[in-house]
Amino acid sequence: MAASVIMPQLGETVAEGKILTWFKSVGDEIREGDNLFEVETDKVTVEVQAIVTGRLSEIRVGPGLVARVGDVVAVVGDNSTSTIAESKEAAPISRSADRRSPFEEVLTPQETFGPAKGPEGIRITPLARRLISQNRLDLAALAADARRRGARRIDERTVRAALDLRVAASPPLVAMDDSRTPAAAETANSQVLTLNAIRLKTAERVAESWRTIPHVFQAVEVDYTNIDRVRRRHLDSFRQAHGFSLTYLPFVARATCLAIELFPHVNARFADRSLVFSGSMHLGFAVDLSLNGLVVPVIRDAGDLTLLGIAKAMHRLIDKARAGKLSPDDLSGGTYSISNNGAFGTTLTTPIINMPQVAILSVDAIRLKPAVVSTPEGDFVAPRMLGMLGQSFDHRAFDGAYSAAFLSCLKQVLETRNWGDELSGDAGARAPGASPILKEDR
């Protein structure tokens with residue numbers, strides 16, 4: 001009796017996946033729950049587990065090849081007595097060029113991320129294997145170092161530590177071959193860095209966005225002084241209660257949700273001659289992967305969450321992103337995005353829109369600066385916490401006046417809302433509506 005191993009549905013919008021490596025070989029015994037293979041979609045890389053027990057009798061889709069959701073990629077059991085519809089082709093499935101993964105021209109079928117176990121049986125986590133392969137690290141040296149430390153596995157932290165040491169000694173670059181042409185010989189000192197899969201996918205998406213969307217950028221300066229006071233007042237108690245620090249980003253995210261209630265065109269997508277409004281606010285935010293690329297996880301129904309609820313959701317998704325554990329659904333369905341470069345000290349960032357969305361917000365560094373403060377007693381120069389907040393938008397979806405009005409509203413929410421009350425709210429409860437100031441502007 002034979003059972004089919006099919007390519008699973010890895011997310012609502014995922015139609016196919018590329019198998020990176022098989023953890024089992026033909027003839028191996030497998031048990032329910034064993035890791036069978038690692039598959040890469042256009043959103044994330046995941047390991048697929050066996051749901052049956054038996055002997056792996058056939059692998060139909062080899063490493064580096066693409067299979068659509070529902071395709072049979074392997075057979076468990078006696079293939080000769082299979083009750084499933086048999087394929088007429090015994091060779092691994094090969095896709096035509098128009099159905100290739102975007103990475104297939106770069107990663108050949110022979111180029112996988114290596115076995116799940118290294119020298120002397122030391123386990124290697126999936127993200128560690130990816131980093132080792134992409135950065136061409138010496139697996140034997142990593143395994144030897146792990147044995148010296150008494151470690152039983154090589155994980156992301158181990159690999160990133162090795163990368164840091166290598167960068168300190170010499171950048172992980174490969175010299176160009178200068179023997180082919182005179183022009184190449186003139187650049188004998190030039191070097192080439194092979195892009196990893198995340199960077200290649202990002203390059204593809206941003207290039208398409210820039211080619212097809214008429215981008216316009218606007219920015220406002222926001223006074224975060226009141227937010228800074230609230231944040232500092234709750235900093236220690238928040239960390240003790242929730243196990244992580246409260247940054248400025250959840251405040252910006254919460255204010256964005258409130259402002260979008262009054263400016264729904266921002267939370268939409270452009271389709272042919274129409275603007276399709278989103279019924280919910282699914283907020284994406286960019287997460288840097290230690291300067292090796294970025295991902296944009298999505299907070300579902302962010303408009304229904306309090307400030308505390310958004311902060312918790314962000315912390316959870318950031319942890320998953322940096323551990324390589326985001327699911328395809330964590331990365332799909334976003335209706336508006338935030339790019340946060342403030343931690344790097346940027347003054348002004350003009351981000352590229354995350355298609356098919358029509359706008360993206362940028363948050364830059366918040367610094368103590370002298371500013372003019374108007375009071376009933378007159379104008380004074382005082383130290384204030386100031387930072388730029390910008391928006392790139394699709395000019396086909398709305399005009400500059402609409403974008404400017406949205407940014408003005410967002411600035412007003414950030415500067416005037418009672419954030420102390422927000423922090424005392426229940427993260428599990430539905431968030432309160434717009435502030436009284438916003439309601440008066442309806």
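The values are calculated or read from the model by the stated rules, or taken from the named source; none is laboratory data. Every value quoted in this text rests on a predicted model; they were computed, and no experiment measured them. When we count neighbours, we look across all protein chains shown, and the Cβ atoms used for this are built from the backbone with ideal geometry, even at glycine. Side chains included, ligands, DNA and RNA excluded: accessible areas come from the protein's heavy atoms. Shrake-Rupley method; radii C 1.70, N 1.55, O 1.52, S 1.80 Å.
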* Asked: So which residues in region 28-45 are open to solvent by 30 Å² or more (accessible area, probe 1.4 Å) and not in a strand (DSSP E or B), if there are any at all?
  -> ASP28, ARG31, GLU32, GLY33, ASP34, ASP42, LYS43
* Kindly indicate whether any position in region 44-59 is in contact with a Ser or Thr (Cβ under 9 Å, 6 or more places away or on another chain) and modelled with pLDDT under 85. => yes
* **Complete set of residues in region 1-27 that are in contact with a Leu (Cβ under 8 Å, 6 or more places away or on another chain), open to solvent by 30 Å² or more (accessible area, probe 1.4 Å) and either within 16 Å of ASP330 (Cβ to Cβ) or basic (Lys, Arg) (or both)** => LYS24
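Quick one: which strands (runs of 3 or more DSSP E) sit completely within region 327-403 and have at least 2 residues that are surrounded by fewer than 20 Cβ atoms within 10 Å (Cβ to Cβ)?
Values: elements: 336-340, 359-363, 367-375, 378-394.
Output list reads 367-375, 378-394.
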* To do: Report, ordered by the first and then the second residue, all pairs with beta carbons closer than 7 Å, sequence separation of six or more or different chains, a first member in region 239-265 that is under 21 Å from ILE366 (Cβ atoms) and of a type in the set (A, V, I, L, M, F, W, C), and a second member that is part of a helix (DSSP H, G or I) and open to solvent by 30 Å² or more (accessible area, probe 1.4 Å).
  => PHE244/HIS315; LEU246/ARG231; LEU246/HIS234; LEU246/LEU235
* Asked: What number of residues within region 46-70 are more than 27 Å from the chain's Cα centre (by Cα) and charged (D, E, K, R)?
  -> 3
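Anything in region 193-248 that is polar (S, T, N, Q), in contact with a helix residue (DSSP H, G or I) (Cβ under 6 Å, 6 or more places away or on another chain) and either open to solvent by less than 30 Å² (accessible area, probe 1.4 Å) or closer than 15 Å to SER392 by Cα (or both)? List them, or say none. Lay out the reasoning, then the answer.
Of all residues in region 193-248, those polar (S, T, N, Q) come to 194, 196, 202, 209, 212, 218, 225-226, 237, 240, 245, 247.
Then drop every residue that is not in contact with a helix residue (DSSP H, G or I) (Cβ under 6 Å, 6 or more places away or on another chain), which leaves 196, 218, 245.
Once the filter is applied, which keeps residues that are polar (S, T, N, Q), in contact with a helix residue (DSSP H, G or I) (Cβ under 6 Å, 6 or more places away or on another chain) and either open to solvent by less than 30 Å² (accessible area, probe 1.4 Å) or closer than 15 Å to SER392 by Cα (or both), region 193-248 yields ASN196, GLN218.
Quick one: which residue in SER327, SER337 is within 18 Å of the chain's Cα centre (by Cα), in contact (Cβ under 8 Å) with a residue 40 or more places away in the chain and within 18 Å of ALA259 (Cα to Cα)? Explain how you work it out, then say what you get.
Numbers: SER327 fails: within 18 Å of ALA259 (Cα to Cα).
Result of the check over SER327, SER337: SER337.
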* Asked: In region 356-369, is there at least one residue being touching a strand residue (DSSP E or B) at 6+ places or on another chain (Cβ under 8 Å), among the basic types (Lys, Arg), touching a residue at least 24 places away in the same chain (Cβ under 8 Å) and within 19 Å of ILE227 (Cβ to Cβ)?
  -> no
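Have a look at VAL252, VAL287, VAL295 and point out the one that is among the aliphatic types (A, V, I, L, M), open to solvent by 10 Å² or more (accessible area, probe 1.4 Å) and either modelled with pLDDT under 95 or within 20 Å of the chain's Cα centre (by Cα) (or both).
Working: VAL252 fails: open to solvent by 10 Å² or more (accessible area, probe 1.4 Å); VAL287 fails: open to solvent by 10 Å² or more (accessible area, probe 1.4 Å).
Exactly one of VAL252, VAL287, VAL295 is among the aliphatic types (A, V, I, L, M), open to solvent by 10 Å² or more (accessible area, probe 1.4 Å) and either modelled with pLDDT under 95 or within 20 Å of the chain's Cα centre (by Cα) (or both), namely VAL295.
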* Asked: Looking at this structure, is ILE84 open to solvent by less than 50 Å² (accessible area, probe 1.4 Å) and modelled with pLDDT of 65 or more?
  -> no
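Got a sec? Which of ASP319, ASP304 is out of contact with any Pro (no Cβ under 9 Å at 6 or more places or on another chain) and within 24 Å of ARG417 (Cβ to Cβ)? Show your work before the answer.
Numbers: ASP319 fails: within 24 Å of ARG417 (Cβ to Cβ).
ASP304 is the lone residue from the list that is out of contact with any Pro (no Cβ under 9 Å at 6 or more places or on another chain) and within 24 Å of ARG417 (Cβ to Cβ).
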